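Data block below; observations after.
The values are calculated or read from the model by the stated rules, or taken from the named source; none is laboratory data. Treat the numbers as computed from the prediction; the structure is a model and nothing was measured. Glycine also receives a Cβ, built like all others from the backbone with ideal geometry; neighbour counts cover every protein chain displayed.
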Amino acid sequence: MSGALHVEIDQHEPMPLHGAVQCQPGELLALVGPSGAGKTSLLRCLAGLMRPQRGVIRVGDEVWVDTQAGVFVPPQRRHVGLVFQNYALMPHLSALDNVALALLHRPRSQRRAEAARWLEHVRLTPQQMQRRPANLSGGQQQRVAVARALARQPRLLLLDEPFSAVDQMNRQGLYGLLADLRKDLAIPIILVTHDMVEARHLADRLVVMDQGQVLQSGTPAHIYRSPRNARVADLLGVQNRFQGVWLGPRDEADRAAGAGWLQWLLPDGSVSPLRLRVPDKGKIPPGQRVTWVVQGDGLHLDDERLAAGHAAALCETALATTVQQVRHLGETTMASASVDGLPGVELRLVRSGPLRQVLQPGQPLRVWLDCDWVHVMPTRGAR
């Protein structure tokens, strides 16, 4: 069994990279952020392909990097499994021989049999094992790359956008494969991806990065509900994001309930007629301009409230809206609805099942905003 991954890096050249990352054995941690955020650079540091200016990288009781102590373990001694976007397979070798290349530490007589076991583990048939990469589909090539990475029996598995070159149908199969493999892998797994849906679907925890800086880490549910600042919300693609002014608690009853008041601002900066009583963590002074978000779980239609026997929240605000646009995406429907009386304000709704049938352009719709789901952030945190 491998130990936990512990990383602390602080460097300015050749590119800025600052922050700390932890990943437990058996945990999948996704690094997310835009191009140039530093995700691949961090991966290169972990693999030993780049030496950080200052930092510590440790897996269990093995120290791979400690710049202060002068420790730098080279890549070949780190036992890292790497899976790349472009597969990086040898084109002149069969799938079996590609995996056998990772088994040079084993006796020659055992390599092909062991390679076959790993390929069987990722669900390749004996016939597919004999084919060269050009005669395999993209999904099959990626399975070979995964088998090759695991054949090294790594202490750390690094996945660098491994599914981005694979079509959607094969991608779903690879998601299932990774989920199954994780049951047998007691090692830290780091996934780099631009796909936020993929990250939420696969990862136990997210690390949000931008311009070489770790901005926030935590479970997908926690980060999406409580982004640290407006920049994190923007990077995650949080849809229902608005402006406001923080008014704070109005009286002792508010303070006892951990509640404060939020003045909703319109997109042009003018004051709307709506004030919301929302959770207060006591970190924002009254009068501060803020950005606030509400997850889709905090927006309910009338039928949903009745079906759930809706419990009382800090406040519930009924918003009269008109459906503007509807997009049907397979079994899910996305809709935008303008809020009557709040010029320029639109809510984004995502529904599946029978409830999505009520979303039709031009239709009036009452939406209940559950203030328990409102998360307020200082606007100065945005970049």
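Tabulated results
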quantity	calculated
Any hit, the range 26-44, residues being crowded, with 20+ Cβ neighbours inside 10 Å and among the β-branched types (Val, Ile, Thr)	yes
Flag if residue 212 is outside the structural domain of residue 344 (by TED's automatic domain parsing), on the phi > 0 side of the Ramachandran plot, of a type outside the set (S, T, N, Q) and crowded, with 19+ Cβ neighbours inside 10 Å	yes
Enumerated strands (runs of 3 or more DSSP E) restricted to the range 133-252, each holding at least 3 residues that are under 29 Å from residue 120 (Cα atoms)	156-160, 189-192
Condition broken by residue 72, with the remaining ones in (1) within 22 Å of residue 195 (Cα to Cα); (2) modelled with pLDDT of 95 or more; (3) surrounded by fewer than 21 Cβ atoms within 10 Å (Cβ to Cβ) satisfied	(1)
Qualifying residue in the range 104-118 (condition: out of contact with any Asp or Glu (no Cβ under 6 Å at 6 or more places or on another chain), at pLDDT below 90 and assigned to a helix (DSSP H, G or I))	yes
Options 234, 254: the member that is over 30 Å from residue 212 (Cβ atoms), out of contact with any Ser or Thr (no Cβ under 7 Å at 6 or more places or on another chain) and surrounded by fewer than 18 Cβ atoms within 10 Å (Cβ to Cβ)	254
Count of residues meeting criterion [touching an Asp or Glu at 6+ places or on another chain (Cβ under 8 Å) and acidic (Asp, Glu)] in the range 206-256	1
Unique residue being exposed (fewer than 15 other Cβ atoms within 10 Å of the Cβ) and either free of Cβ contacts under 8 Å to residues at least 12 places away in the same chain or hydrophobic (A, V, I, L, M, F, W, C) (or both) when the list is 341, 330, 362	330
Given (1) under 26 Å from residue 199 (Cβ atoms); (2) without any contact (Cβ under 8 Å) to a residue 24 or more places away in the chain; (3) not aromatic (Phe, Trp, Tyr), index of the condition residue 63 fails	(1)
Residues within the range 261-280 that are touching a Lys or Arg at 6+ places or on another chain (Cβ under 9 Å) and farther than 12 Å from residue 245 by Cα, tallied	2
Where residue 125 falls short, out of the listed (1) modelled with pLDDT under 90; (2) closer than 21 Å to residue 184 by Cβ; (3) out of contact with any strand residue (DSSP E or B) (no Cβ under 9 Å at 6 or more places or on another chain)	(1)
Neighbours by Cβ (under 6 Å, 6+ apart or cross-chain): first from the range 96-122, free of Cβ contacts under 8 Å to residues at least 12 places away in the same chain; second assigned to a helix (DSSP H, G or I) and of a type outside the set (Asp, Glu)	111/100; 111/103
Test: residue in the range 47-65 that is within 30 Å of residue 167 (Cβ to Cβ), in a loop (DSSP other than H, G, I, E, B) and not hydroxyl-bearing (Ser, Thr, Tyr)	yes
Residue 353, sole failed condition from (1) under 30 Å from the mean Cα position of the chain (by Cα); (2) in contact (Cβ under 8 Å) with a residue 40 or more places away in the chain	(2)
Count of residues meeting criterion [charged (D, E, K, R) and exposed (fewer than 14 other Cβ atoms within 10 Å of the Cβ)] in the range 266-288	3
Selection count, the range 91-119, where residues are under 23 Å from residue 161 (Cα atoms) and exposed (fewer than 14 other Cβ atoms within 10 Å of the Cβ)	1
Exclusive hit being more than 12 Å from residue 369 (Cβ to Cβ) and among the basic types (Lys, Arg), set 277, 289, 305	289
For residue 95: the one exception among (1) modelled with pLDDT of 95 or more; (2) under 21 Å from residue 47 (Cβ atoms); (3) within 33 Å of the chain's Cα centre (by Cα)	(2)
